[in-house]
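Presented below is the structure to which this report refers.
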Amino acid sequence: MVYLVSKEVKNLVKKVAKTLDERTYIHKRLVLLCIMNGAFMFTADLVRELTMQVDMDFIHVHRGYGIGTPGRPTLLTAYTFKPYTSYILVDVVAEKGDTFEYVKSLIPKPAEVITCALISKGVLYTPDIFGTRINTTRHLQGYGMGPRRELPTVEGI
């Protein structure tokens, strides 16, 4: 089943970028923090659409299946958070919000933390900024998510 085709994904990326650009971030140090692995394609496309200045960084978080506590996110690579820095946490799908909440708990004294996703899935958690809501319990795959993440183009979700 295809939920979004390539053109829809591209339009949603532009919508999210426009929403971020419309917020006022004058004199703030912003770090766009990509939650790896799934969000790398969305983050790359998002950065290309943004007009505001951001630093970009990556954090590798395992979603909690088979490593550490089952069902809980685990930080896989060391990351040094900068105090008094505003972060935009980027993931491709927000479902339960546990990954966003876990990363937010690691950030010391941020000026602001914004959660951003292409898709808000279901009703358990809503990120601060998202492109669309898809109400499904099915696993979403495509656009850098799942076992077919080696595909170079966006075919759809």
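Filtering the stretch 97-110 to residues that are touching a Leu at 6+ places or on another chain (Cβ under 6 Å) and at pLDDT below 85 leaves nothing. Please specify each residue of the stretch 22-40 satisfying the condition of being in contact with a Leu (Cβ under 9 Å, 6 or more places away or on another chain) and either within 14 Å of Gly131 (Cβ to Cβ) or modelled with pLDDT of 90 or more (or both). Hits for the stretch 22-40 are Leu32, Leu33, Cys34, Ile35, Ala39. The numbered conditions (1) surrounded by fewer than 16 Cβ atoms within 10 Å (Cβ to Cβ); (2) at negative phi; (3) among the basic types (Lys, Arg) are all true for Lys121 except (1).
If you go through the stretch 5-21 and keep only what is in contact with a helix residue (DSSP H, G or I) (Cβ under 7 Å, 6 or more places away or on another chain) and not charged (D, E, K, R), you end up with Val13, Val16, Ala17. Filter the stretch 18-30 for residues that are crowded, with 19+ Cβ neighbours inside 10 Å and either closer than 11 Å to Val90 by Cβ or aromatic (Phe, Trp, Tyr) (or both) and give the result. Hit for the stretch 18-30 is Leu20, nothing else. Among residues belonging to the stretch 41-85 that are modelled with pLDDT of 85 or more and part of a strand (DSSP E or B), point out the one that is surrounded by the fewest Cβ atoms within 10 Å (Cβ to Cβ). Only one residue fits best here, namely Asp55.
The values are calculated or read from the model by the stated rules, or taken from the named source; none is laboratory data. Everything quoted here is computed from the prediction, not taken from an experiment. Quick reminder, even Gly has a Cβ in these numbers, built from the backbone with ideal geometry, and neighbours come from all protein chains shown.
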